[in-house]
1. Please state which one of V111, V61, V120, V69 is surrounded by 12 or more Cβ atoms within 10 Å (Cβ to Cβ), among the aliphatic types (A, V, I, L, M) and within 15 Å of the chain's Cα centre (by Cα).
2. If you scan the range 22-46, which residues turn out to be open to solvent by 50 Å² or more (accessible area, probe 1.4 Å) and either within 15 Å of the chain's Cα centre (by Cα) or over 12 Å from W74 (Cβ atoms) (or both)?
3. Just give me the residues in the range 89-108 being within 15 Å of the chain's Cα centre (by Cα) and not hydrophobic (A, V, I, L, M, F, W, C), in sequence order.
4. Do we find that Q53 is over 21 Å from the mean Cα position of the chain (by Cα), on the phi < 0 side of the Ramachandran plot, at pLDDT 95 or above and not charged (D, E, K, R) in this structure?
5. Would you check which residues across the range 72-108 are touching a residue at least 60 places away in the same chain (Cβ under 8 Å), open to solvent by less than 40 Å² (accessible area, probe 1.4 Å) and under 23 Å from L33 (Cα atoms) and list them?
Amino acid sequence: MQPDLRPISPALQIYRPQLTSVLSITHRLTGVLLSLGAVVLVGWIAAAAAGPQAYGALTKVIGSAWGRVAMFMWVFSLFFHLCNGIRHLMWDAGYGFDLHAIYTSGWMVVVASALLSIVVWFLGMSFVVR
């Protein structure tokens, strides 16, 4: 008898990513990023309370190119998590379960998150004193 070379359970290489699975994984990742951003926010508040030297050092790190990328990712994570959470609330209420509505709401989450992030980022950057 020849050995069966098929995988015992469906493996990742069999399934292609779908919008719903990508959004589900991204929702979890943005939750983690929000938690990490909250730690940075607490550090920022603690540095402000510690005095001008600590605050200046942390502001310099946050104002660097990498710091700005991280801040933009945090803002995007906030809006993605919010928009996708609203989508899930609609599902909890029993709306939007047909396939077309699922994909439409999924793309709406992506577009709304990107637009909100860009708008807030540019509004916030317009108030930054250089």
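1. One residue alone meets the criteria, V120.
2. V22, I25, R28, L29, V32, L33, S35, L36, V42, I45, A46, listed by residue number.
3. G106
4. yes
5. The answer is N84, G106.
The values are calculated or read from the model by the stated rules, or taken from the named source; none is laboratory data. Keep in mind that what you see is a predicted model, and the values were worked out from it rather than measured. Positions of Cβ are backbone-derived with ideal geometry, glycine not excepted, and every protein chain shown enters the neighbour counts. Only protein heavy atoms, including side chains, enter the accessible area calculation; ligands, DNA and RNA are left aside. Shrake-Rupley method; radii C 1.70, N 1.55, O 1.52, S 1.80 Å.
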